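Input: a single structure, listed below in structure tokens.
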Amino acid sequence: MSSYFHYRGNQFYAEQVPLADIAAQFGTPCYVYSRAALEDGFGQFTKALQGREPLICYAVKANSNLAILNVFARLGAGFDIVSGGELQRVLAAGGDARKVVFSGVGKSAVEMLMALEAGILCFNVESDAELERLNEVAGSIGKIAPVSLRVNPDVDAKTHPYISTGLKQSKFGVPYNEAVTLYRKARDLPHLRITGIDCHIGSQLTETGPFIAAAEKILLLIDALTAEGIPLEHIDLGGGLGICYNNETPPAIADYVAALLGTLRGRSEKLILEPGRALVGNAGVLLTRVEYLKPGEEKNFAIVDAAMNDLMRPALYDAFHEILPVERKVKTAPLPTPPPLAGEGAIEQRGKQAIREADARKSNSSIYEVVGPVCETGDFIGHARNLSITPQSLLAVLSAGAYGMSMSSNYNTRPRAAEVMVDGNAMHLVRERETVQQLYAGEKLIS
Ligand SMILES: *Cc1c(COP(=O)(O)O)cnc(C)c1O
């Protein structure tokens, strides 16, 4: 748990604001972000990279709320975008187009035009056909497109298969063995200018090994390109650093960066990183209210007002999110006396067990399946959670800042949640809860 979300007494807080106050003012379900946590994460990257003039391009798809983009823009961040829509968000949030890199396997001609007009730093091109299209589009408006090839280093990121992107069989990037040929082609296309090289091998990586292996392969390619007379200005090593959701032990940002810098020692190319999750994942929680407790023969259900449309990660990846009560039940009854037993350790063990059992009885804690109202069996937020709750209790679903709101949908005609950013003792509504009218505003009846 990030220290920006914590208990004070029995109340759960975001910075200095009780989450119960946020629920009272803005309702539930509601995403809550900590500005200090966002700034801390970004600061860890800049501190670890001091002296290198790096460009940290926040991966917008992790969480694209304008207030979050604006916090990073003010800290000097660049942005990694994967669509024209994300470019428009970056510009609307005060981001600098000259610090934008554009990734993604399916850039449309319209998106290319928009990015060329805006003057982005570079296109991370992912195929031969994309090189040709970009050359044509740039030529059609008399511009030269800055390009970097996203190379697939064929490295196993050892993460969930859905978020592993650097293996040969992946749709992402150009094959390692074809990279030099494609760079030659890019050099010869008149409306392209080669600026760098790029890789991104996956998300939620919890070891530095795969990052280093990928970086080493990219460096070998850079040497081969230099020998061909194709010098590069920058090396972009992507995002992918994992966070702790449960019991994962990802490297700290400083250690991850130090490992990369060790590999890049003696290199003069400008370094670009594209962190998403590591910057926002633990800077946000999803606040939800218990609607019903539904005891069952085999399982007890806690039906909450957030669902898979609000937080898709459990349904999509079987992902774990810690769930904590916003108000802890106060335990006031005297402690039970431990039964007499031989051996000090044993007495202690039995005593602790008795206390736990007594606590459970007093607080009526039970094991719950925490589920939403959506009509899918896959609609769950957490399995088998020991919670002491009643109907109307508030719960905080932790580590929900990345790929939470940005992956949300309107399935079951559920308006998307409100978003609130806490800054010290202030709370700011940074996105209003959607209305149902907004959801069908573009729909028409036929005559
Ligand atoms: C998703 C993505 C990122 C960010 O990944 P995280 O795991 O959130 O750090 C960076 N670069 C590219 C190209 C991506 O697609």
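Taken together, the values in this text are just the output of simple stated rules run on the coordinates, not laboratory data. No experiment lies behind these values; they were computed from the predicted model shown. Neighbour counts are summed over all protein chains in view; Cβ atoms, including those assigned to glycine, are modelled from backbone coordinates with ideal geometry.
Assorted remarks:
- Percent of C-alpha pairs per 10 Å bin, the chain, short to long: 4, 19, 27, 23, 15, 8, 3, 1, 0
- Positive-end residue of Leu311, Ala48, Ala396, charge dipole of the chain with Cβ unit charges: Ala396
- Cα-centre dipole for region 109-173 with unit charges at Cβ (Lys and Arg positive, Asp and Glu negative), debye to 20: 180
- Structure-based [θ]222 nm, the chain - -39500 (n - 2.57) summed over DSSP H runs of at least 4, per residue, nearest 500: -9000 deg cm²/dmol
- Bins of 10 Å, starting at 0 and running to the largest distance - Cα pair percent for region 104-273: 10, 38, 34, 16, 3, 0
- Of the GluC sites (Glu not before Pro) in region 275-322, the ones in a loop by DSSP (not H, G, I, E or B) with at most 10 other beta carbons within 10 Å are Glu297, Glu298.
- Long-range amide H partners of Phe79 with built H, under 5 Å: Tyr58, Val100, Val101
- Principal-axis tilt of helix 344-363 within the chain, Cα atoms, nearest 10 degrees: 90
- Listed values for region 412-424 are Karplus-derived 3J(HN,Hα) couplings in whole Hz (6.51 cos²θ - 1.76 cosθ + 1.60, θ = phi - 60°), namely 6, 6, 9, x, 6, 5, 6, 10, 10, 10, 8, 9, x, and x replaces Gly and Pro.
- Taking Cβ atoms as reference points and 12 Å as the exclusive limit, the residues near Ala426 contribute a net charge of -2, counting Lys and Arg as +1 and Asp and Glu as -1.
- Estimated dipole of the chain in Debye, rounded to 20 [Cβ of Lys and Arg +1, of Asp and Glu -1, Cα centre]: 600
- Dipole-positive endmost among Gly202, Leu221, Leu113 within region 104-273 (Cβ charges, Cα centre): Leu113
- Of all beta bridges that DSSP places with both ends in the chain, some 45 percent have antiparallel geometry.
- Helix 128-140 axis, angle to the chain major axis (alpha carbon atoms, nearest 10°): 70
- The angle between the Cα long axis of helix 109-118 and the main principal axis of the chain comes to about 80°, on a 0 to 90 degree scale.
- Contact order normalised by residue count of region 126-224, Cα under 8 Å, 6+ apart, percent: 35
- Estimated D of region 400-447 in µm² per second, where Rh is the Kirkwood radius over Cα pairs and Stokes-Einstein applies at 10 °C, 1.306 mPa s: 123
- For region 104-273, size of Cβ-based charge dipole, Lys and Arg +1, Asp and Glu -1, in debye: 140
- In region 374-447, the trypsin sites (Lys or Arg not before Pro) that fall in loop regions by DSSP, at most 10 other Cβ within 10 Å: Lys444
- Neighbourhood charge, 10 Å Cβ-Cβ cut-off, centred on Gly382 and excluding it, Lys, Arg +1 and Asp, Glu -1: -1
- Size descriptor for region 56-150, Kirkwood hydrodynamic radius: 13.1 Å (Cα pairs only, one decimal).
- Using the Cβ of Gly106 as centre and a radius below 10 Å, the other residues enclosed give a net charge of -1, where K and R count +1 and D and E count -1.
- Projected onto its three principal axes, the C-alpha set of region 49-109 covers 37, 23, 19 Å, listed from the longest axis down.
- Using θ = phi - 60° and Karplus 6.51 cos²θ - 1.76 cosθ + 1.60, couplings along region 286-296 (whole Hz; Gly, Pro as x): 9, 9, 9, 10, 6, 8, 9, 9, 10, x, x
- Listed residues Gly94, Thr159, His428: farthest to the positive end of the dipole of the chain (Cβ charges): His428
- Along region 86-97 the Karplus relation, 6.51 cos²θ - 1.76 cosθ + 1.60 evaluated at θ = phi - 60°, assigns HN-Hα couplings of 5, 4, 4, 4, 4, 5, 5, 8, x, x, 9, 4 Hz to successive residues, with x for each Gly and Pro.
- Model label sites at Asn10 and Asp188, defined 7 Å from Cα along the beta-carbon direction, differ in position by 7.5 nm.
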